[in-house]
Amino acid sequence: MPKRGHLIIVSGPSGAGKSTIVRAILEKRPRLRYSVSYTTRPPRANEQDGVDYHFISEFAFRKKIDADELAEWAEVHGHLYGTSATSIEETVSDGQDVLLDIDIEGEKRLSARYPEAVSVFVMPPNMKELEKRLVGRGTDSAVTVGRRLKNAKAEIAQAHHYDHCIVNDVLAQTVSSLEAIIEKAFLNG
Ligand code: ADP
Ligand code: 5GP
């Protein structure tokens, strides 16, 4: 039986740079598996179904909840997001390491299920820069940006629950910090 894979959970306010960091890490570590979540959020122009998310209806999402198919799920910024229980379990049982980008509630539930998971909170350098990034991304309406900024303060207040907290100022440095965290987690078993 192969050694079980590790779980690395990344969370942080919208616009902090999680997707950008995840993309960079996956390029550097092609053997790391990204957990593609289910969501009821409509896809952004640059997003691909099955790659960024599995985009499904609320009806289909609720069916998954009822069938107990999700390892965790949460309502975030007005939409539903969740992680496939079988996909995670099959991947780690197969000895592969999994990277997840999920919110704070999801992290709590998944860490309860997988206590050995390593959690990393991605912090923006400051609120002004967070707003600049959310607006600059150009994927969301002003209402959506406003809602996400409003939620950011409560999210940041939860950062101390995480095993690690990294400030995403200079991207290359953030990616190196996350790589170091991953290396250490893997070395420790
Ligand atoms: P999240 O996944 O946390 O919502 P994104 O990865 O979509 O955030 O990043 C939000 C925006 O900020 C994107 O336009 C991205 O290119 C930009 N960004 C990410 N990291 C940095 C950084 N270190 N410095 C400047 N801009 C960044
Ligand atoms: P976005 O809409 O910007 O892609 O993501 C919004 C939020 O949902 C982010 O905080 C992201 O981490 C979170 N998220 C994405 N997938 C999941 C998931 O499967 N479960 C939970 N709980 N949160 C998720």
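Just so it is clear, none of the values below were taken in a lab; they were calculated from the coordinates. Nothing here was measured: the structure is a model prediction, and the numbers come from that model. Virtual Cβ from ideal backbone geometry, glycine too; neighbours counted across all protein chains shown.
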- Query: Between residue 63 and residue 31, what length in nm is gained on full extension when 0.36 nm per residue of separation is reduced by their alpha carbon distance?
  - Reply: 8.4 nm
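Using helices alone, I'd like the mean residue ellipticity at 222 nm for the chain: each DSSP H run of four-plus residues gives -39500 (n - 2.57), total over residue count, nearest 500.
Computed mean residue ellipticity for the chain: -13500 deg cm²/dmol.
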- Item | Volume per residue of the C-alpha convex hull in the chain, rounded to whole Å³ | 117 Å³
- Message: How large is the convex hull of the C-alpha atoms of segment 91-189 per residue, in Å³?
- Response: 123 Å³
- Message: In whole Hz and in residue order, list the ³J(HN,Hα) couplings for segment 60-73 that follow from phi through the Karplus curve 6.51 cos²θ - 1.76 cosθ + 1.60, θ = phi - 60°; x for Gly and Pro.
- Response: 5, 5, 5, 5, 5, 4, 4, 7, 6, 8, 9, 6, 6, 7
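When 20, 174 are ordered from fewest to most other Cβ atoms inside 10 Å of their Cβ, what list results?
Numbers: 20 16, 174 21.
Lowest to highest Cβ neighbour count: 20, 174.
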- Note on the structure: Sorted by chain and then number, the residues having a modelled amide H within less than 5 Å of the amide H of residue 37, at least 5 places away or on another chain, are 54
- ³J(HN,Hα) across segment 167-184 via Karplus (A = 6.51, B = -1.76, C = 1.60, θ = phi - 60°), whole Hz, x for Gly/Pro? 8, 8, 9, 8, 3, 4, 5, 4, 5, 5, 4, 5, 4, 5, 4, 5, 4, 5
- Task: For an R0 of 35 angstrom, estimate the FRET efficiency from the Cβ-Cβ distance between residue 55 and residue 173 and round to the nearest 0.05.
- Result: 0.60
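Applying 1/(1 + (r/R0)^6) with R0 = 22 Å to the Cβ-Cβ distance of residue 132 and residue 183, what FRET efficiency is obtained, to the nearest 0.05? All intermediate terms of the calculation are to be shown ahead of the outcome.
Numbers: r = 31 Å, r/R0 = 1.42.
Plugging the Cβ-Cβ distance into 1/(1 + (r/R0)^6) gives 0.10.
Give the peptides 83-95, 7-19, 131-143 in descending order of average Cβ contacts within 10 Å, highest first. Intermediate values should be presented prior to the final figure.
Working: 83-95: 16.0, 7-19: 23.5, 131-143: 13.5.
The peptides rank, most packed first, as 7-19, 83-95, 131-143.
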